[in-house]
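Undergrad: Please find one structure pasted underneath; my questions will follow.
The values are calculated or read from the model by the stated rules, or taken from the named source; none is laboratory data. These numbers were taken from a predicted model, which means no experiment stands behind them. Note: ideal-geometry Cβ built from the backbone for every residue, glycine included; neighbour counts use all protein chains shown.
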Amino acid sequence: MHLIPRSAPAQTAQTLEQQGIHPLLARLYAARGVRHPDELDDALTKLLPPDTMKGAAAAARLLADAMAANLRLCIVADYDCDGATACAVGVRGLRLLGAQQVSYLVPDRVVDGYGLTPTIAERVHAQGADVLITVDNGIASIAGVQRAKELGLQVLVTDHHLVATDEDGHALLPAADVIVNPNQPGCDFASKNLAGVGVIFYVLLALRAELRQRGAWPTGQQPKLDTLLPLVALGTVADVVKLDANNRRLVSQGLKRVQSLAMPAGLASLFVAAGRIPERASAMDFGFALGPRINAAGRLADMTLGIECLLTDDAARATELAQTLDGINRERREVEGQMREQALEMAEMLFDEDEEPPPAICVFDPDFHEGVVGIVAARIKDKLHRPTFVLAPSSAPGKEHELKGSGRSIPGFHLRDALDLVAKRYPQAILRFGGHAMAAGCTVHEDYLHEFDQGLQEVAAEWLDAATLQRRLETDGPLPAQWRTPDMASTLQRQVWGQGFAPPTFSEELEVVNQRIVGEKHLQLKLRHHGEVVDGIWFNHTASLPSRALLAYRLDVDEWQGVQRTRFMIEGMHSE
């Protein structure tokens, strides 16, 4: 692993410090591209305005007209946490703004697959809906939207995924009545990183403005949509979208409400089920505790459970659903653990012990569970630092010859674009695909698994060089001794960090005073930092360290019998 110190422009850091920002935070923010304190202002008034998002005003008019005519609205969700929170925000928000008839439908991962399919459109129509609204999907649902229109439905697509293109590079868009997607052609919205839940939240902001203009409420009495922000924050963090300034505001505002216990009953119950304290909630709680419990429903059961947990206002019902989701998540961890070990063994058999792994990893077993292929791919990617696809047989009726694959990538390898090229070279292999730079999914015909693997290896070999294949960890350099305090660790933990705005990781050469294995798989350390001995822990690492080592670490607080001490959480060691 190569530890690469981030560049923190000294003048920028000084400017931020002069504006009242703590010296260490000023250095950290400058290294992450913050140039002005305004970028750190999380006030709702600083959010990008909805009228700059293409389609938002038209969507507001469509929904306002539908509500005036008392039409029946149906939201088609996705089965991950972003899709579940987007659905809950849509249902709650529309009802809050006065919609009388709002329902939802979430596809089954196994039976229906992803997105608005023609079959889903027919089910929405059969339920008696007049208006179909997609959240976190729909931009690639050309056939599904067409079928919905044939059935007489109005269709509003809200999505954040990248738009597909034809061989000439022209955008392929569904024929919806309105499309709201910051990544569609011609959209000038300054943040292209909104999650699906963020997009529907912006549609609701535009709808409220439209209804206000139509005189829906007495002056000063419009509904407050900020009650939805805890759900917006959860979905944004769980979907691992880049936390640009606008997304950080959404997350920060959501966290503030959670910390003051102003959140839906389901979120409160999920905190209890996860053993987390909402008054001290952080973005990590959303990403590593609540998000996985919602996601587990879509992976192994029915995402309706997750959405209902986020929709209910009944505390007892919320507790019951949260405990059910916690149980499903425990099952998911068991399935994942067994499958991860097998998949990793298969991946490591692809190369000799003294060799580098191939440029890409592709593993399949007929006993794999399609619900956890993405998680397992992420684990292999983390261990081997290669773009990785894990595939499992489809268990959908009539899809016996299809393999469902999920992939995770490394920096410098755009996974969706790679699939696009593989599909062009081996058109019989990939039946469907979609996704982002770092995560993507596909459906492969079982007879052409070899061609898919071959195509993936070819593209990886062409696109990846030695520097990209070298594991790199960006760090924030040395930690000054005066900031090695529990108060500073707590201050850092209270900030909003995440994808594209990485939590602080410091690095410097440290003396290893003592080391021993604890719990059979963790390395407990005593390290000398600026003359003082500090506790350290390197989770899931058992190899011994030299007497001096260039280590990357996060500053943490360890509390024992009411006494707080700083601790270094080791993230990696520099090697040539």
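Undergrad: Across segment 5-32, what is the number of residues that are surrounded by 14 or more Cβ atoms within 10 Å (Cβ to Cβ) and either of a type in the set (S, T, N, Q) or within 26 Å of the chain's Cα centre (by Cα) (or both)?
TA: Summing the residues that are surrounded by 14 or more Cβ atoms within 10 Å (Cβ to Cβ) and either of a type in the set (S, T, N, Q) or within 26 Å of the chain's Cα centre (by Cα) (or both) in segment 5-32 gives 11.
Undergrad: Would you check if Gln482 is surrounded by fewer than 16 Cβ atoms within 10 Å (Cβ to Cβ) and either of a type outside the set (Lys, Arg) or modelled with pLDDT under 95 (or both)? Step through it out loud before you land on a result.
TA: Details: surrounded by fewer than 16 Cβ atoms within 10 Å (Cβ to Cβ): yes; either of a type outside the set (Lys, Arg) or modelled with pLDDT under 95 (or both): yes.
For Gln482, the condition - surrounded by fewer than 16 Cβ atoms within 10 Å (Cβ to Cβ) and either of a type outside the set (Lys, Arg) or modelled with pLDDT under 95 (or both) - is met.
Undergrad: Among the residues of segment 499-513, write down those that are part of a strand (DSSP E or B) and surrounded by fewer than 21 Cβ atoms within 10 Å (Cβ to Cβ).
TA: Of everything in segment 499-513, those that are part of a strand (DSSP E or B) and surrounded by fewer than 21 Cβ atoms within 10 Å (Cβ to Cβ) turn out to be Glu508, Glu509, Glu511, Val512, Val513.
Undergrad: While we're on this one: Ser269 - would you say it is modelled with pLDDT of 95 or more and either crowded, with 24+ Cβ neighbours inside 10 Å or more than 20 Å from the chain's Cα centre (by Cα) (or both)? Give the steps one after another, and end with the answer.
TA: Details: modelled with pLDDT of 95 or more: yes; either crowded, with 24+ Cβ neighbours inside 10 Å or more than 20 Å from the chain's Cα centre (by Cα) (or both): yes.
Answer is yes for this residue.
Undergrad: Hey, another quick one. Would you mind stating whether Val335 is closer than 17 Å to Arg109 by Cα and touching a His at 6+ places or on another chain (Cβ under 6 Å)?
TA: Numbers: closer than 17 Å to Arg109 by Cα: yes; touching a His at 6+ places or on another chain (Cβ under 6 Å): yes.
Considered against the rule, which asks whether it is closer than 17 Å to Arg109 by Cα and touching a His at 6+ places or on another chain (Cβ under 6 Å), Val335 comes out as yes.
Undergrad: Follow-up question, since we're still on this one. Pairs, please: C-beta under 9 Å, at least 6 apart or cross-chain, first residue of a type in the set (A, V, I, L, M) and in segment 347-360, second part of a loop (DSSP other than H, G, I, E, B)?
TA: Pairs found: Ala347/Pro357; Ala347/Arg386; Leu350/Pro357; Leu350/Pro358; Ala360/Arg386; Ala360/Pro387; Ala360/Phe413; Ala360/Leu464.
Undergrad: Would you check which residues across segment 252-265 are surrounded by fewer than 24 Cβ atoms within 10 Å (Cβ to Cβ) and assigned to a helix (DSSP H, G or I) and list them?
TA: Matches in segment 252-265: Ser252, Gln253, Lys256, Arg257, Gln259, Ala265.
Undergrad: Between a first residue in segment 384-407 that is assigned by TED's automatic domain parsing to the domain that holds Gly441 and within 20 Å of Ala439 (Cα to Cα) and a second residue that is in a strand (DSSP E or B) and of a type in the set (D, E, K, R), which pairs have beta carbons less than 6 Å apart while being 6 or more apart in sequence or on different chains?
TA: What qualifies is Thr388/Arg408; Ala392/Lys404; Ser394/Glu402; Ser394/Lys404.
Each row is one residue, and each column tells you yes or no for (1) in the same structural domain as Asn193 (by TED's automatic domain parsing); (2) farther than 19 Å from Lys381 by Cβ; (3) crowded, with 19+ Cβ neighbours inside 10 Å; (4) not basic (Lys, Arg).
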position	(1), (2), (3), (4)
Lys424	no, yes, no, no
His445	no, yes, no, yes
Gln454	no, yes, no, yes
Trp463	no, no, no, yes
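Undergrad: So Gly374 ticks every box in (1) part of a helix (DSSP H, G or I); (2) over 18 Å from Val110 (Cβ atoms); (3) not hydroxyl-bearing (Ser, Thr, Tyr) but one. Which box is left unticked?
TA: Looking at each condition in turn, Gly374 falls short on (2).
Undergrad: While we're here: Kindly establish whether Val390 is part of a helix (DSSP H, G or I), among the β-branched types (Val, Ile, Thr), within 24 Å of the chain's Cα centre (by Cα) and surrounded by 19 or more Cβ atoms within 10 Å (Cβ to Cβ).
TA: Here the answer is no, as Val390 does not meet what is asked.
Undergrad: Which condition does Asp365 not pass, out of (1) modelled with pLDDT of 95 or more; (2) within 18 Å of Val335 (Cβ to Cβ); (3) touching a Ser or Thr at 6+ places or on another chain (Cβ under 7 Å); (4) not hydroxyl-bearing (Ser, Thr, Tyr), if it passes all the others?
TA: Condition not satisfied by Asp365: (3).
Undergrad: Considering Val513, Val496, which residue is hydrophobic (A, V, I, L, M, F, W, C), farther than 30 Å from Lys526 by Cβ and not assigned by TED's automatic domain parsing to the domain that holds Ile361?
TA: The conditions single out Val496.
Undergrad: Right, here's the next one. Restricting attention to segment 125-133, does a residue exist that is closer than 25 Å to Ala296 by Cβ, at pLDDT 95 or above and within 27 Å of the chain's Cα centre (by Cα)?
TA: no
Undergrad: So, one more: Only residues that are farther than 24 Å from Gly405 by Cα and without any contact (Cβ under 8 Å) to a residue 40 or more places away in the chain: list them for segment 106-124, please.
TA: Ala121, Glu122, Arg123
Undergrad: Moving on. For segment 533-576, name all the residues that are closer than 14 Å to Glu509 by Cβ, aromatic (Phe, Trp, Tyr) and over 25 Å from the mean Cα position of the chain (by Cα).
TA: Phe568
Undergrad: Name the strands (runs of 3 or more DSSP E) wholly within segment 427-493 that hold at least 1 residues that are aromatic (Phe, Trp, Tyr)?
TA: The strands (runs of 3 or more DSSP E) meeting that bar are 430-435.
Undergrad: Taking segment 228-251 as the region of interest, how many residues are among the hydrophobic types (A, V, I, L, M, F, W, C), surrounded by fewer than 23 Cβ atoms within 10 Å (Cβ to Cβ) and under 13 Å from the mean Cα position of the chain (by Cα)? It would help to see each step written out before you state the result.
TA: Residues of segment 228-251 that are among the hydrophobic types (A, V, I, L, M, F, W, C), as a first pass: 228-229, 231-234, 237-238, 240-241, 243, 245, 250-251.
Restricting the remaining residues to those that are surrounded by fewer than 23 Cβ atoms within 10 Å (Cβ to Cβ) gives 240, 245.
Among the residues that remain, those that are also under 13 Å from the mean Cα position of the chain (by Cα) are: 240.
Final tally of qualifying residues: 1.
Undergrad: Sticking with this one: For Ala396, which of the numbered conditions (1) part of a loop (DSSP other than H, G, I, E, B); (2) touching a helix residue (DSSP H, G or I) at 6+ places or on another chain (Cβ under 8 Å); (3) closer than 19 Å to Gly298 by Cβ fails to hold?
TA: With (1) part of a loop (DSSP other than H, G, I, E, B); (2) touching a helix residue (DSSP H, G or I) at 6+ places or on another chain (Cβ under 8 Å); (3) closer than 19 Å to Gly298 by Cβ applied to Ala396, the lone miss is (2).
Undergrad: So which of Gly337, Gly374 is in contact with a strand residue (DSSP E or B) (Cβ under 6 Å, 6 or more places away or on another chain) and closer than 30 Å to His2 by Cα?
TA: Answer to the selection: Gly374.
Undergrad: Same structure, new question: Name the residue that is nearest to Leu105 (Cα to Cα), counting only residues in segment 300-323 that are part of a helix (DSSP H, G or I) and not aliphatic (A, V, I, L, M). Write out each step before concluding.
TA: Start the filter on segment 300-323 by keeping residues that are part of a helix (DSSP H, G or I), which leaves 300, 304-311, 315-323.
Still in the running and not aliphatic (A, V, I, L, M): 304, 306, 308-309, 317, 319-320, 323.
Numbers: Thr304: 8, Gly306: 12, Glu308: 11, Cys309: 15, Arg317: 20, Thr319: 23, Glu320: 21, Gln323: 23 Å.
The residue in question is Thr304.
Undergrad: Yes or no: Arg95 under 26 Å from Gly198 (Cα atoms), part of a loop (DSSP other than H, G, I, E, B), of a type outside the set (Ser, Thr, Tyr) and more than 24 Å from the chain's Cα centre (by Cα)?
TA: When the stated conditions are applied, Arg95 does not pass them.
Undergrad: Kindly indicate whether any position in segment 73-83 is under 18 Å from Glu210 (Cβ atoms), among the charged types (D, E, K, R) and either not assigned by TED's automatic domain parsing to the domain that holds Pro292 or not in a helix (DSSP H, G or I) (or both). Let's see the steps before the verdict.
TA: Our first condition is that a residue be under 18 Å from Glu210 (Cβ atoms); within segment 73-83, this holds for 73.
Retained after the next criterion (residues that are among the charged types (D, E, K, R)): none.
No, segment 73-83 has no match at all.
Undergrad: Return the residue satisfying two criteria in turn: it lies in segment 98-120 and is aliphatic (A, V, I, L, M) and assigned to a loop (DSSP other than H, G, I, E, B), and of such residues it is surrounded by the most Cβ atoms within 10 Å (Cβ to Cβ).
TA: So, considering only residues that are aliphatic (A, V, I, L, M) and assigned to a loop (DSSP other than H, G, I, E, B), the one surrounded by the most Cβ atoms within 10 Å (Cβ to Cβ) is Leu116.
Undergrad: Sort out which residues of segment 43-54 are in a loop (DSSP other than H, G, I, E, B) and under 18 Å from Lys192 (Cα atoms), and write them in order of number.
TA: Within segment 43-54, Leu47, Leu48, Pro49, Met53, Lys54 qualify.
Undergrad: Scan segment 525-576 residue by residue and report those that are assigned to a loop (DSSP other than H, G, I, E, B) and small (Gly, Ala, Ser). Before you say what the answer is, go through the steps one by one.
TA: Step one: filter segment 525-576 for residues assigned to a loop (DSSP other than H, G, I, E, B), giving 530-531, 539-547, 561-562, 574-576.
Correct list: Gly531, Ala543, Ser544, Ser547, Gly562, Ser575.
Undergrad: Which is assigned to a helix (DSSP H, G or I) and under 18 Å from Arg330 (Cβ atoms), of Ala268, Ala297?
TA: So the residue among Ala268, Ala297 that is assigned to a helix (DSSP H, G or I) and under 18 Å from Arg330 (Cβ atoms) is Ala297.
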